[in-house]
Amino acid sequence: MTKPPARDRFFLNHPAVFLLAVLFAWAVLGASTWAKIKQNHGVSKVDLQGAELPQVDFNSPTGYALGQRRLILQDVDSCQWIMHTQRMVAEGGWRERFAPDDNAPQGREIHWSSGVMWWLAGLGSLHARFLHLPVGAGIEQASLWSNVLFLGLALLLVPWVVRRAFGWLASALGAVAFVTSYSFGSQFASGCVDHHGWVSLAGLIFLLFLAAGGGGWVAGDGTAPSPAQARKWFAASGFFAAVGLWISAATIIPFIVGMGLAAIVTAFLLAPAPKPSAERVDPSLWRLWGNTAALCSLGFYLLEYFPDHFGWRLEVNHPCYALALWGGGEWLSRVVGWRAGGPFFSGASDRWRALAATVAMLLTPLALLAFKTQVFRVSDPFLWQLHHDYISEFLPLTIKFSREPFLLLVMLLGALPLLIFADARLLRGVPLAMGRKAGLALTLGGALLPSFLGLSQSRWYNVASGPWLAVLIATVGCCTLLAHTAQYDWWEKMLGFLFVIFVVFYLPVFVFLDVRDTMRKPPDIGIGGDKMILIRDLAYRLRRTEPTVAAPDQPPIVASGPTNTTWLMYFGGLRGLGTLYWENLEGLKRAAELFSAPTSREGERLLRENHVSYIVITSGEPFVFEYPRLWRRLAAKDHPQDTLAYGLASGKNIPLWASPLPYPIPNRQKEGTLWMALYDVREAR
């Protein structure tokens, strides 16, 4: 009788364990979501100033009168996703490339992935049909659970697909970690309509599929996938790498580069399989991966932009990246094959192919060096400095450590990067099949590079959580193969046990305690909630004033800080100047120039040119000094006071054409309360 492999004899490696893990993960996700939705509805119904919520209007693109909205979402990007999706559906299109309410009155381009909008629009339409609401209102309400549902489906399907490659236990732990990893799960939280979780998941899948495909090694005896199986895994991995490019090219590229570097290092460091082994390297798998990723990336580009929105925008998916993927796959195939004993070039024509692959890989960096902001607007000095100095997610990790509580940072970083110690042991000190080691190294490379980038910009730690989940599944899959061998010391087994306890028990308990506390307290209307409700109330009042009601197609234009501008646009259906998106670089610069005006006459001229009706400056985001610093290229310690923004915020130098608007808010002199400087500047026009 054939002796079963070690994994089959490991008692926790059982389908029942996987089923229990999925049910447990769904329970955690469902309880947390239910609590947050209840809390959100409670906050959205709070009325601090007596302004009525907008009435349902089936003729409005938002589902409410005058293009207003009700739902309070503290995530600014979620507000933008909802606005874009509602506009797309109202206009009867299936892509959205222009935002008329931002950078007003000219408007600005949009280059956000339509895939997220299609998902939200579909769920919003179903929500509206069942609750007899306008589609726009259904989209707004569906935003509370759209990404949660996406995560729930992913935690079931992804572990199920890879269960044969890594085992039931590894898939079960992966399913639990989908919801208990704070960095990963928070990207799919209730009310968070965003693409970051999607691209993190795409990175997880494409890396995990490469590991399931043996990392480029094949065999016919079960130690590695067969050539046919490996080709399927690699082709599927290439497809999901292209999906990641479609969702967010700037985010997925470090995952791909890290994986490619790991493939090269693995080819040089991992010793060849012993002669009796049936394992062998199949370099053609990398050529297949590159071709698949390139063709699918090009297909997604055409799906997004064909036939009339082509252009050089390297911030998003572009044919240059498709060429780079093809060239990268070609070179990986050559390097891996050469290290396995094959020729680097097979003839003169093959040299030309290698040269073409090199040019394809260099095209993108050469374009960035030659044309800079023309093809990559994020590199503009104004926008770069804005991100670096004033957006928290762009701050280095060292600054995060000095500003954030320790426990919050532990939740942000998570425990998954500790797997690097176990992986080092598996890669160098344990007799695993070469395909297992190569696959584990690829997932590790895809996770390490974005984590390293997190040292300079902490935002990378959230999106890197997806690749680290791939590392978790691949690592546990390798460990269960060795469960009945004497490869580990007692202290290594103890540490592994404690790590599993932390992932499976401590983190879920922490989530459940958070759910319990959320359900016990009333709707959160603390300082942050007060501000959101007051901004919503203000947006309603500005939108409902005459003569704006008489001209519903021309809402007033408001000048404020970037976050306030988005909220005023979202709640009131107003128009704004500067929001924190690279497509709106022009609007940000116009807002900065306006707030930095050194004289009343100059401010009046800029208000007239920008058709601004109201100026709103609030505590928390006054941008009294930030905009002038950026516009005048001053140091962070400078506090210019000869600006329009400072005069209006302090009340010490108010121009004659600026009429202060009375607004009942808490005493601005009281510490910790909200203050607001609100001016009607229509006389300047």
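The values are calculated or read from the model by the stated rules, or taken from the named source; none is laboratory data. All of these numbers come straight from a predicted model, not from anything done at the bench. Every residue, glycine as well, gets a Cβ built from its backbone with ideal geometry; the counts of neighbours run over all protein chains shown. To get the accessible areas, we keep the full protein, side chains included, count just its heavy atoms, and leave off ligands, DNA and RNA. Shrake-Rupley method; radii C 1.70, N 1.55, O 1.52, S 1.80 Å.
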Restricted to region 594-608 and to residues being crowded, with 21+ Cβ neighbours inside 10 Å and out of contact with any Phe, Trp or Tyr (no Cβ under 6 Å at 6 or more places or on another chain), the residue nearest to VAL681 (Cα to Cα) is LEU607
Restricting to region 297-353, what's the tally of residues that are in contact with a strand residue (DSSP E or B) (Cβ under 7 Å, 6 or more places away or on another chain) and not in a helix (DSSP H, G or I)?
-> 1
Please specify each residue of region 287-342 satisfying the condition of being among the acidic types (Asp, Glu) and closer than 19 Å to THR364 by Cα.
-> GLU315, GLU330
Which listed residue is open to solvent by less than 30 Å² (accessible area, probe 1.4 Å), within 14 Å of THR443 (Cβ to Cβ) and part of a helix (DSSP H, G or I), from ALA230, ALA241 = ALA241
ALA35 passes all but one of (1) modelled with pLDDT under 85; (2) among the small types (Gly, Ala, Ser); (3) in a loop (DSSP other than H, G, I, E, B); (4) buried (at least 16 other Cβ atoms within 10 Å of the Cβ); which number fails?
-> (3)
Picking from ALA360, ALA370, ALA324, the residue that is open to solvent by less than 20 Å² (accessible area, probe 1.4 Å) and within 29 Å of LEU302 (Cα to Cα) would be ALA360
Which residues, taken from region 38-55, are farther than 29 Å from GLU96 by Cα and either open to solvent by less than 60 Å² (accessible area, probe 1.4 Å) or in a loop (DSSP other than H, G, I, E, B) (or both)?
-> GLN39, GLY42, VAL43, LYS45, VAL46, ASP47, LEU48, GLN49, GLY50, ALA51, GLU52
Does PHE206 count as among the aromatic types (Phe, Trp, Tyr) and modelled with pLDDT of 90 or more?
-> yes
Filter region 611-647 down to residues that are of a type in the set (Asp, Glu) and open to solvent by less than 50 Å² (accessible area, probe 1.4 Å) and give me whichever is nearest to the chain's Cα centre (by Cα).
-> GLU621
Residues within region 579-598 that are among the hydrophobic types (A, V, I, L, M, F, W, C) and either outside any helix (DSSP H, G or I) or without any contact (Cβ under 8 Å) to a residue 60 or more places away in the chain (or both), tallied = 5
Looking at this structure, is SER78 at pLDDT below 95, surrounded by fewer than 24 Cβ atoms within 10 Å (Cβ to Cβ) and more than 22 Å from LYS36 (Cβ to Cβ)?
-> no
Of the residues LEU133, LEU151, LEU120, LEU156, which single one is under 17 Å from TRP198 (Cβ atoms), open to solvent by 10 Å² or more (accessible area, probe 1.4 Å) and in contact (Cβ under 8 Å) with a residue 24 or more places away in the chain?
-> LEU156
Note on ALA483: of the conditions (1) modelled with pLDDT of 75 or more; (2) farther than 26 Å from ALA154 by Cα; (3) surrounded by 15 or more Cβ atoms within 10 Å (Cβ to Cβ); (4) not hydroxyl-bearing (Ser, Thr, Tyr), unmet is (1)
What pairs can you find where one residue is in region 169-180 and among the polar types (S, T, N, Q), the other is open to solvent by less than 10 Å² (accessible area, probe 1.4 Å) and outside any helix (DSSP H, G or I), and their Cβ atoms are less than 9 Å apart, with a gap of 6+ or different chains?
-> SER171/VAL162
Quickly run through region 428-452 and pick out the residues that are open to solvent by 30 Å² or more (accessible area, probe 1.4 Å) and in a helix (DSSP H, G or I).
-> ARG428, GLY429, ARG436, LEU448, LEU449, PHE452
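Looking at PHE58, is it assigned to a helix (DSSP H, G or I) and at pLDDT below 95? Spell out how you get there, then give the answer.
Working: assigned to a helix (DSSP H, G or I): no; at pLDDT below 95: yes.
No: the conditions fail for PHE58.
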How about region 354-383: which of its residues are part of a loop (DSSP other than H, G, I, E, B) and over 18 Å from ALA324 (Cβ atoms)?
-> ASP380
